[in-house]
Ligand SMILES: [Zn+2]
């Protein structure tokens, strides 16, 4: 992983959720930011995979909680009239977006490595 990729990955997973949170739920941005951070727990589905971590594998569509069925559930969570459910759903969708960007950068960066 290059420095830029690491920055996009970890910044995307841990910092950007708070930016979203501040924009959407300003009066409780810390709590909604934590709910969005909690959505990173969908990475626990990696424990079901073998090997658990493979830097050359794209998570999207491979892991149980990174597939379209799970994404549909996250979208449905946005319809729940509770800020924490919406924050979690949005966080999970954002998580998929960050992982997807990783896959895209990976396939672009690989020929240069
Ligand atoms: Zn992931």
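Values quoted throughout were computed directly from the atomic coordinates according to the rules given, and no laboratory measurement underlies them. All of these numbers come straight from a predicted model, not from anything done at the bench. Don't worry about glycine lacking a Cβ; one is built from the backbone with ideal geometry, like all the others, and counts go over all protein chains shown.
If contacts are Cα pairs under 8 angstrom and at least 6 residues apart, what is the relative contact order of the stretch 3-112 in percent?
Relative CO of the stretch 3-112 lands at 31 percent.
Within the stretch 37-56, which residues have the backbone N less than 20 Å from the label spot 7 Å out from residue 107 along Cα→beta-carbon, could you tell me?
Residues 54-56 qualify, since their backbone N sits under 20 Å from the label point.
If each of residue 31 and residue 58 carries a label point 7 Å out from its Cα toward its Cβ, how far apart are those two points in nm?
For residue 31 paired with residue 58, the spin-label model returns 3.8 nm.
Using 0.36 nm per residue of separation minus the Cα-Cα distance, give me the extension gain between residue 18 and residue 40 in nm, one decimal.
Stretched fully, the residue 18-residue 40 segment lengthens by 6.6 nm.
At q = 0.13, 0.14, 0.18, 0.23 Å⁻¹, what log₁₀ I(q)/I(0) does a Debye calculation on the Cα points of the chain give, no solvent, two decimals?
Taking Cα atoms of the chain as identical point scatterers yields -0.50, -0.58, -0.91, -1.27.
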